[in-house]
């Protein structure tokens, strides 16, 4: 069971990439979005599935890495990217803006987001990224209606 948790939480070992594993996992999440964005039921199902697998696998795998929110666990970035684009109409500008904003919010963790990271086990690992994704999604939703080009 530990092997399955570790494989899922590291996104089948993408988390062991020596350079920017969280960014790579986010790119893969954006790729899944691109593949399923036109099939809403599949998109919603995969989003819920990956988030649930993230909570489960991150909770179990954190103990095997013996540190709080280890960088090898990247299912949080991957699954949260699907939330970034939820109900946002597709465009290249939203794809890129969403990716950049999410990475900024995930890396720099503004105070309300930073508090979530302190929650135990998989809750802290997942919820800070989910909060960053929701914040990014809200900004993208607002940008849809502003008459400024981005």
Cα-based helix-to-principal-axis angle, 75-84 vs the chain, degrees rounded to 10: 20 degrees
For Kirkwood radius over Cα pairs in Å, calculated from these coordinates, the label among (1) 16.3; (2) 15.7; (3) 15.3: (3)
Inter-part distance where the range 86-144 and the range 12-61 are each reduced to a Cα centre, Å: 14 Å
The chain - percent relative contact order, Cα under 8 Å, separation 6 or more: 28 percent
Fewest-first sequence of 113, 4, 107 by Cβ atoms within 10 Å of each Cβ: 107, 4, 113
Using alpha-carbon coordinates, inclination of helix 40-65 to the longest axis of the chain, degrees: 30 degrees
Helix-only CD estimate at 222 nm, as mean residue ellipticity for the chain, using -39500 (n - 2.57) per DSSP H run (n ≥ 4): -23500 deg cm²/dmol
Simple spin-label estimate for residue 49 and residue 123 in nanometres, 7 Å along Cα-Cβ: 2.7 nm
Residue order, fewest to most surrounding Cβ atoms within 10 angstrom, among 81, 1: 1, 81
On Cα atoms only, tilt of 121-144 relative to the major axis of the chain in degrees: 10 degrees
Chain lengthening between residue 145 and residue 91 when straightened (0.36 nm per residue, less Cα-Cα): 18.1 nm
Residue 4-residue 114 FRET efficiency (beta carbon distance; Förster radius 25 Å; 0.05 resolution): 0.25
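Computed from the coordinates by the stated procedures, all read-outs in this text should not be read as laboratory data. It should be emphasised that the depicted structure is a prediction, and the values quoted were computed from it without experimental measurement. Every residue, glycine as well, gets a Cβ built from its backbone with ideal geometry; the counts of neighbours run over all protein chains shown.
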